[in-house]
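What follows is a short report on a single structure.
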Amino acid sequence: MPDLGRVSAVSRFYVTTPIYYVNDVPHIGHAYTTVTADALARWHRLLGDDTFFLTGTDEHGLKVQRAAEANAVAAHEHATRTSARFREAWELLDISYDDFIRTTEPRHHRSVQQFLQRCYDNGHIYKGTYAGLYCVACEAYYTEDDLIDGESCPIHLRPVEHLEEENWFFRLSAFTQPLLDWYEANPDAVRPEGKRNEALGIIRQGLEDISISRTSISWGVPVPWDEGHVFYVWYDALINYATGVGYGEDPERFATWWPDVHHLLGKDILRFHCVYWPAMLLAAGEAPPHRLFVHGYLLVGGEKMSKTRLNQIFPADLVADFGVDGFRYHFLRDTVFGNDGDFSYEGMVSRYNSDLANNLGNLLSRVATVVAKKCGGVGPAPRPDSPLAPVAAEVYADTAAGWQAIAPSQALEATWRLIREANAHLEANEPWKMEPGPALDAVLGDALEVLRIVAVLASPAIPGTCEEVWRRIGMPGTLRDQRLPAAAGWGGYPGGVPVTKGDPLFPRMKSGS
Ligand code: MSP
């Protein structure tokens, strides 16, 4: 079978989510990026790749300081509490991160200081005065042209503030040409294509130097060469991706993982990731990231979800209705990763019923019922020449291509084709009407083999359910020990093992329940 899932010859996969601000509790927008990163990490672990999945919380900056003041607690206390909420949400959603970074950790402070000291020593940082219009919610300065009605932030639609202070500046303007050269030499570095063009547009307009330190607040990483200054939250935050793999502490480890990283991010933070971050890395003498995948917004009623718009939906509310895997599946399958997607409860019910309850759930329950009734509960082996065998081979290739392209909806669509074909195969043969014997065994063995392969291929998206399928069809060990592509090869179901009939995997939901 062709080895379609490899990311590089070294078989390593490093994936990150943005680190989330602790002024807000986790909502489904945060979960969307995180579940996607998790599924990718799980896919690469199945491939046998050495995988590292980093997420965490962004805890400095004015926004967090003010959120803490509003709650009448110290900034660090506030950050600790909210960071814990993110960890709880990720535990609920079966997120298998390898490391959770908090920007208030000493290891991160050390890494930021070393990284920016390198930029300073290399002559890319200088002192100046900054006066500008600042949006606290974005933690960013705007020009008047960017503002709505000359006064409001284009993202948060609320008035910006006038700030003036002595700052350290990063000589971003000097990186216009190096960035253009890097973009040209790495046409796939920023995906999808439209987002690459957007980033190139920003660079081609000409880049201005940016202020990277603040004296007006103390809640941040101190500038090592100038007491009284802290780094502006974004320049500390971006460096988390380097801290996570040992920057400044373990050069060997850093060299192992960097720059072959896959950053996932929403389009709201494209400029920081696709323009500033590669420039900062060049300034520090490091290579820019291998891949930046920019995805769209999850909209609710046509609007971006946010605290200020009071339209947030929290993971636990949906998990209560759809289960963890119902939640994960929906967000991976329903929106093309890269585009905006409009969330609706009705849409979620309908996708759940069709794909999970009817297709996957039904296949397992039909097979287990007939095996119990007509084969004494022992699953027969598949046929080597089953008509489903070539379908399974195509499905593996398409599924692998989907995950490789960071297109979970495409990968899952491919996997579900095998489920649909197996259900059609059952309907054509009607094993529930057949007499026990070799003909019946052949039909059931093939369907059990499909269930085994689907359990492997769908496990990055719906891990808990797939482990349950694995157990019910009588497979030994756990799915985590399976390796692709071998585990997707036709003929792996041994036969002669007990098949368990259990409760429905996904009880059907009533529309509007
Ligand atoms: N702290 C910065 C990121 C620093 S990364 C070095 C930040 N944090 S955030 O809490 O605002 O989270 C931003 C990310 O959360 C987005 O880029 C996106 O990945 C995810 N999302 C938050 N709301 C979202 C939607 N409504 N839709 C899709 N993703 C969203 O920015």
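The values are calculated or read from the model by the stated rules, or taken from the named source; none is laboratory data. Everything numeric here is computed off the predicted structure, so don't read it as measured data. Positions of Cβ are backbone-derived with ideal geometry, glycine not excepted, and every protein chain shown enters the neighbour counts. Heads up: the accessible areas ignore ligands, DNA and RNA and are worked out on the full protein's heavy atoms, side chains in. Shrake-Rupley method; radii C 1.70, N 1.55, O 1.52, S 1.80 Å.
Brief remarks on what is shown
- With all protein chains kept in place, the per residue accessible area of the chain amounts to 39 square angstrom at a probe of 1.4 angstrom.
- With R₀ set to 22 Å, the beta-carbon distance separating Arg309 from Val336 gives a calculated FRET efficiency near 0.40.
- Whole-angstrom gap from segment 467-485 to segment 177-195, using each part's C-alpha centre: 40 Å
- Violating pairs (Cα-Cα greater than 18 angstrom) within the set Lys304/Lys510; Lys374/Lys501; Lys63/Lys127; Lys373/Lys510: Lys304/Lys510; Lys63/Lys127; Lys373/Lys510
- Computed lengthening from Gln177 to Ala287, 0.36 nm per intervening residue step minus Cα-Cα distance: 38.1 nm
- Our compactness index for segment 12-295, the C-alpha radius of gyration over the empirical 2.2 N^0.38 Å, is 0.96.
- Nitroxide proxy distance, nm - points 7 Å out along Cα→Cβ at Arg471 and Glu430: 3.6 nm
- Long-range HN-HN contacts of Ile101 with modeled amide H, under 5 Å: Thr55, Gly56, Thr57
- Taking a ≥ b ≥ c as the square roots of the eigenvalues of the Cα gyration tensor, segment 354-498 is prolate, since a/c reaches 1.5 or more and a/b is larger than b/c.
- Span-like helix ranges in the chain, DSSP H, alpha carbon extent 30 angstrom or more, Kyte mean at least -1.0: 408-429
- Comparing Cα centroids, segment 276-305 and segment 38-72 end up 14 angstrom apart.
- When segment 119-212 is described by a simple charge dipole with +1 on each Lys and Arg Cβ and -1 on each Asp and Glu Cβ, the residue from Ala137, Leu179, Gly206 located farthest towards its positive end is Leu179.
- When the solvent-accessible area of the chain is split by element, carbon and sulfur atoms take up 50 percent of it, the probe being 1.4 Å.
- Annotation: extensible slack from Val73 through Asp145 equals 22.2 nm (criterion: 0.36 nm per residue apart, minus Cα-Cα distance).
- Helix-only [θ]222 nm of the chain, DSSP H runs n ≥ 4, -39500 (n - 2.57) each, per residue, nearest 500: -13500 deg cm²/dmol
- Percent of beta bridges antiparallel (DSSP, the chain, rounded to nearest 5): 50 percent
- Dipole of segment 12-295 [Lys/Arg +1, Asp/Glu -1 at C-beta], most positive-end residue of Ser83, Trp258, His162: Trp258
- For segment 367-427, the alpha carbon convex hull comes to 97 Å³ per residue, rounded to a whole number.
- Antiparallel DSSP beta bridges within segment 12-295, as percent of all bridges there, nearest 5: 50 percent
- With loop membership from DSSP and a limit of 16 other Cβ atoms within 10 Å, the longest segment of the chain without GluC sites (Glu not before Pro) is 250-513.
- Assuming charge only on the beta carbon of Lys and Arg (+1) and of Asp and Glu (-1), the dipole of the chain about its Cα centre is about 1500 debye to the nearest 20.
- Residues Ser211, Ser365, Ser216, sorted by accessible area with the largest first, give Ser216, Ser365, Ser211 [1.4 Å probe; ligands and nucleic acids excluded].
- Euclidean distance of C-alpha centroids, segment 73-94 and segment 127-167, integer Å: 29 Å
- The calculated FRET efficiency for Glu249 paired with Leu92, based on their beta-carbon distance and R0 = 45 Å, is about 0.90.
- Extension reserve of the Thr215-Lys501 stretch, reckoned as 0.36 nm per residue once the Cα distance is removed: 96.4 nm
- Taking amide H atoms as placed 1.01 Å from N in the peptide plane, the amide H of His262 lies under 5 Å from those of Tyr14, Val15, Thr16, each 5 or more residues away in sequence or on another chain.
- Pair-distance profile P(r), taking every C-alpha pair of the chain, with 10 angstrom steps and integer %: 4, 18, 27, 23, 14, 9, 4, 1, 0
- Given +1 at the Cβ of Lys and Arg, -1 at the Cβ of Asp and Glu and no other charges, the dipole of segment 154-309 around its Cα centre is 780 debye to the nearest 20.
- Viscosity 1.306 mPa s, temperature 10 °C, Stokes-Einstein D of segment 279-359 from Kirkwood C-alpha radius, µm²/s: 106 µm²/s
- Positive-end residue, the chain charge dipole about Cα centroid, Cβ charges, pick of Phe327, Phe100, Pro463: Pro463
- Backbone phi angles across segment 492-507, fed through the Karplus curve with coefficients 6.51, -1.76 and 1.60 (θ = phi - 60°), yield HN-Hα couplings of x, 7, x, x, x, 10, x, 10, 9, 9, x, 5, x, 5, 9, x Hz in residue order; Gly and Pro are listed as x.
- Label sites at Asp226 and Asn122, each approximated as a point 7 angstrom past Cα along Cα to Cβ, lie 1.9 nm apart.
- Segment 12-295, dipole about Cα centre (Lys/Arg Cβ +1, Asp/Glu Cβ -1), debye to the nearest 20: 480 debye
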